[in-house]
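Notes to accompany the following structure.
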Amino acid sequence: MLRACAAPTHATSSAPSHMSAGRLPKLTIVTPSWNGERFIREAVESIAQQGYPDLEHIVLDAGSTDGTLAQLAQFPTVLVRSEPDRGIYDALNKGVAQAHGEIIGFLNTDDLYPDGVLVEIGSIFARDPDVDVVVGQSCLFETGGQGRRSPLFVRTHVNQNGLWLPELAFGVPGFNGCFFRRRVFEKLGNLSIKYRITGDREFLMRLAIAGMKAARIDKPAILYRAHAGSLSMNPGKSNLLRIGREYVEMALELAKANTNNQDLSRFFLAWHAFESTKLVVRYVQAGQLRDALAVFVQLNVQNPLWPLRLFRAARIWRIVRRLDAPA
């Protein structure tokens, strides 16, 4: 569901007086970086100013050639590793491997955390050791004149714990608004580097299928910045096609991986029909008719009941859209 959000400000909060600092689990934030000079300082400060008592911040830089590393050098408590990687999810996996925290979260160089949210996240994990993941809302904002931040909207989760498969497939999951206990990665393994743009969605789907316990906070846990250079906000035509191809491959792979569960397999085949059809349309709109035909032929071979499954997928999509409508 979308609704207006309060304007993000610089965080200055500290742990609430009723919450003993020693009771909060160690928290690691992992930031993937490549030529993020424009916003990296704000991102680092939004973490440092949280007032979290046991915090580790790791930046995995892919070899920036701008002033990113010079800016990071001004923050001696930030652990920086600069080396080539095989994409953003490879960087995140490296960060998880290096993390010392019991709780792990992810923040991009152009995004921010709301005031005091890390203490609230940590306190949820501290209160319930059975919780594997805490899911928060996502707030989109833009920066105007004189650096003033203007909120656009908040995307909430339509399901109680924020890990509802229909929303993960047909909605917008908000991966960076999720915080994970270390054992999640020990059980599920790494984020897949095969999906260079959509690996976070695939990871959340695996988490939901595994039935891990999630808790939800009904406030923004991440502030996504809308700007021209954002891949998430402005993917561009070529990346939209790549995203579509990745979704088609992901849906089929998940359907095959869950053949022992008929309901799950059918769900992912319906999603496969939906994403394949969308990809055909996008190729036609781009004038790439040969590619459109190839996807259509592949759809008929891999998913011969696709017309019926597309009908089911459209119904699920409409339900998610209705529940996700602006308040």
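The values are calculated or read from the model by the stated rules, or taken from the named source; none is laboratory data. Here the structure is a predicted model, which is why all the values come from computation and not from measurement. Note: ideal-geometry Cβ built from the backbone for every residue, glycine included; neighbour counts use all protein chains shown.
Some observations on this one:
Per-residue answers, yes or no, for (1) crowded, with 20+ Cβ neighbours inside 10 Å; (2) small (Gly, Ala, Ser); (3) within 19 Å of the chain's Cα centre (by Cα):
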| site | (1), (2), (3) |
| --- | --- |
| Arg23 | no, no, no |
| Lys26 | no, no, no |
| Leu69 | no, no, no |
| Leu79 | no, no, no |
| Val96 | yes, no, yes |
| Glu102 | no, no, no |
| Gly116 | no, yes, no |
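- Near pairs, Cβ below 6 angstrom, 6+ apart or cross-chain, from the stretch 106-130 (assigned by TED's automatic domain parsing to the domain that holds Glu56) to any residue that is in a helix (DSSP H, G or I) and of a type in the set (Lys, Arg): Ala126/Arg23
- Looking only at the stretch 252-262, and only at residues there that are in a helix (DSSP H, G or I) and either in contact (Cβ under 8 Å) with a residue 40 or more places away in the chain or of a type in the set (Asp, Glu) (or both), the one that is nearest to Leu165 (Cα to Cα): Leu254
- Filter result for the condition that a residue is outside any loop (DSSP other than H, G, I, E, B) and either touching a residue at least 12 places away in the same chain (Cβ under 8 Å) or hydrophobic (A, V, I, L, M, F, W, C) (or both), over Arg322, Arg245: Arg245
- Members of the stretch 272-327 found to be surrounded by 15 or more Cβ atoms within 10 Å (Cβ to Cβ) and among the basic types (Lys, Arg), listed by number: Lys278, Arg282, Arg309, Arg312
- Every condition in (1) in contact with a Leu (Cβ under 8 Å, 6 or more places away or on another chain); (2) surrounded by fewer than 17 Cβ atoms within 10 Å (Cβ to Cβ) holds for Pro84 except the one numbered (1).
- Boolean, Ala6 is at pLDDT below 55, crowded, with 20+ Cβ neighbours inside 10 Å and farther than 19 Å from Arg81 by Cα: no
- Residue in the stretch 289-298 that is within 14 Å of Ala169 (Cα to Cα) and assigned to a helix (DSSP H, G or I) present: no
- Residue within the stretch 240-261 that is among the hydrophobic types (A, V, I, L, M, F, W, C), at pLDDT below 95 and closer than 20 Å to Arg201 by Cβ present: yes
- Within the stretch 169-205, considering residues that are of a type in the set (Phe, Trp, Tyr) and over 16 Å from Ile29 (Cα atoms), the one nearest to the chain's Cα centre (by Cα): Phe203
- For the stretch 263-286, a residue qualifies if it is over 20 Å from Gly171 (Cβ atoms) and in a helix (DSSP H, G or I), and the qualifying residues are Ser265, Val280, Tyr283, Val284, Gln285.
- Flag not set for Arg196, criterion: closer than 18 Å to Glu102 by Cα, touching a Phe, Trp or Tyr at 6+ places or on another chain (Cβ under 8 Å), of a type in the set (Lys, Arg) and touching a residue at least 24 places away in the same chain (Cβ under 8 Å).
- Residue in the stretch 91-110 that is at pLDDT 95 or above, out of contact with any Phe, Trp or Tyr (no Cβ under 9 Å at 6 or more places or on another chain) and of a type in the set (D, E, K, R) present: yes
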